[in-house]
Structures are given as structure tokens and as C-alpha cells.
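Structure, as C-alpha cells:
The values are calculated or read from the model by the stated rules, or taken from the named source; none is laboratory data. The shown structure was predicted, so the numbers you read here are calculated from the model rather than taken from an experiment. FYI the Cβ positions are ideal-geometry reconstructions off the backbone, even for glycines, and counts take in every protein chain you see. Just so you know, the surface numbers come from the protein's heavy atoms only, side chains and all, with ligands and any DNA or RNA stripped out. Shrake-Rupley method; radii C 1.70, N 1.55, O 1.52, S 1.80 Å.
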Amino acid sequence: MRNWPLTGLRVTTPRLELRMPSLDDLDRLADRAVEGVHDPDTMPFVAPWTEAEPQERARRTVQYHFTQWGTWTPEEWVCAFAVIFEGEVVGTQAIAATEFAVIREVTSGSWLGRRFHGRGIGTEMRAAVLHLAFEGLGARYATSAAFADNHASVKVSRKLGYGDDGIQFHSRRGEPATTLRLRLAREDWVARPGFEIHGLEPCLPLFGAAPTPAAPDQ
């Protein structure tokens, strides 16, 4: 799509494809949300969207992506991919930034259908957006955050080289909960074999990452 080149953006890994979701992908992503994302006795999200009734959860899943597309600017964007594993939509992985052209920092967020947990998919899909951020967009830093008891998310970050970046507190189900902040610098990032970015060049201006034109001769 000439006026919205993000539809052609993909990141591929040895097992996964991350792509901007089609309408059919969004339907299948909503199905994953209905099936369940985490143990009902836990809440890994600051915004407890998974506590909604199944059909409301499905609708919110679709609307979230529409909202991100509709509010995208080079100064503030959320790039939320559908994650494809063995031909099936299994979850979503996003990176986001504010004033990326200046700060060169991204943050990430994701969820994975519960029946796909425990296969290393969460680590691989995060590594995919780190590849996009550092190799494709020229980011300087990537950050993440997770509740201290969200051991799976923290483990993914540690495995990929993130270090501690402080703590903060959020209200969770009416109680204070500690959030761990984590940070990965470009120089500490290790590129993995078999990761490729497709269709990025026409998207660069939308990310605020267009190459700076050479200064004219004086």
C-alpha cells in the first residue's frame, strides 16, 4: 500500500514471522485473546484488559490495533506486530517510541496465547523487534518493564541482555505492586543469525528514522 507502507513490513526469524496484521490476522489474534493469555490467578498487565468478558476482550484486541494505526505519527508510534508460528497467529509483539528521531530509544510490550507458552516463542519474538530496533532503525537503547513476580517476562529480558534500570510502583487489583524496569544498550545487544527485516526502507520516515540528508557544500 503506497500511502501506508507499514503493511509490507515484516521481520522473520528461524521460526517466526512478525508482520503488521491483516484484518484476518486481527480476527485470529482476537481468538487467542479469548482462549486466554495467562493464569487467571495472576495479572501481568498494568491495564487489566484480560479481565473483560471474552467477546469484549476480542473486540478490544482488534480496536487496540486500529487505534495505534490511527494515531501513528513519526513523533509517537506503536508498532504492534502479529506473531506467526507454524502458520498460526499466536500473539502480538510491539515496540514503541516517542521522539525517536532525537532520543533513539524504544520500549516493548507483548502477549502470547497461553497454549503457546513454554516453547521459547516469547524470547524469539522479543529478539525480533530488538533486531528491527537496533539493526533496522538505529536505536541506541531498548527498555522493558514487568511486575517483579512476572518471572517469565523478566527471564526473557535477562536472557537477551537487559540490565536493571530501577523500579517503580503500580496499583494492581487494588494493591501496590513493584515493577522492574530494564534497559539494553545497543553495544550490549548481540545479533542472532537467521533474523531478517523486509520492507523497511519506505517505512523509515514513519518511524522518524529517515536518513539525514547530507549537508550542502558551502
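Numbers at a glance
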{"read-out": "Residue check, ALA52 under 12 Å from the mean Cα position of the chain (by Cα), open to solvent by less than 50 Å² (accessible area, probe 1.4 Å) and not polar (S, T, N, Q)", "value": "no"}
{"read-out": "Failed item in (1) without any contact (Cβ under 8 Å) to a residue 60 or more places away in the chain; (2) open to solvent by 80 Å² or more (accessible area, probe 1.4 Å), with ARG114 passing the rest", "value": "(1)"}
{"read-out": "Inter-residue pairs, beta-carbon under 9 Å, first on the phi < 0 side of the Ramachandran plot and in segment 8-31, second of a type in the set (Lys, Arg) and open to solvent by less than 50 Å² (accessible area, probe 1.4 Å), 6+ apart", "value": "ALA30/ARG57"}
{"read-out": "Candidate set from segment 7-27 (those that are farther than 16 Å from CYS203 by Cα and polar (S, T, N, Q)); member that is surrounded by the fewest Cβ atoms within 10 Å (Cβ to Cβ)", "value": "SER22"}
{"read-out": "Criterion violated by THR143 - all others in (1) open to solvent by less than 10 Å² (accessible area, probe 1.4 Å); (2) in contact with a Lys or Arg (Cβ under 6 Å, 6 or more places away or on another chain) satisfied", "value": "(1)"}
{"read-out": "Some residue of segment 79-87 being of a type in the set (Phe, Trp, Tyr) and open to solvent by less than 20 Å² (accessible area, probe 1.4 Å)", "value": "yes"}
{"read-out": "Strands (runs of 3 or more DSSP E) contained in segment 119-218 and holding at least 1 residues under 21 Å from LEU16 (Cβ atoms)", "value": "141-147, 175-185, 196-198"}
{"read-out": "Residues satisfying the stated conditions in segment 165-187, i.e. surrounded by 15 or more Cβ atoms within 10 Å (Cβ to Cβ) and either more than 21 Å from the chain's Cα centre (by Cα) or among the basic types (Lys, Arg) (or both)", "value": "ARG172, ALA177, ARG181, ARG183, ARG186"}
{"read-out": "Failed condition for GLY138, given (1) surrounded by 13 or more Cβ atoms within 10 Å (Cβ to Cβ); (2) touching a Ser or Thr at 6+ places or on another chain (Cβ under 9 Å); (3) more than 30 Å from ASP31 (Cβ to Cβ)", "value": "(2)"}
{"read-out": "Entirely in segment 75-115, the strands (runs of 3 or more DSSP E) that have 3 or more residues that are polar (S, T, N, Q) and touching a strand residue (DSSP E or B) at 6+ places or on another chain (Cβ under 6 Å)", "value": "88-98, 105-112"}
{"read-out": "Failed item in (1) in a loop (DSSP other than H, G, I, E, B); (2) surrounded by 13 or more Cβ atoms within 10 Å (Cβ to Cβ), with ASP41 passing the rest", "value": "(2)"}
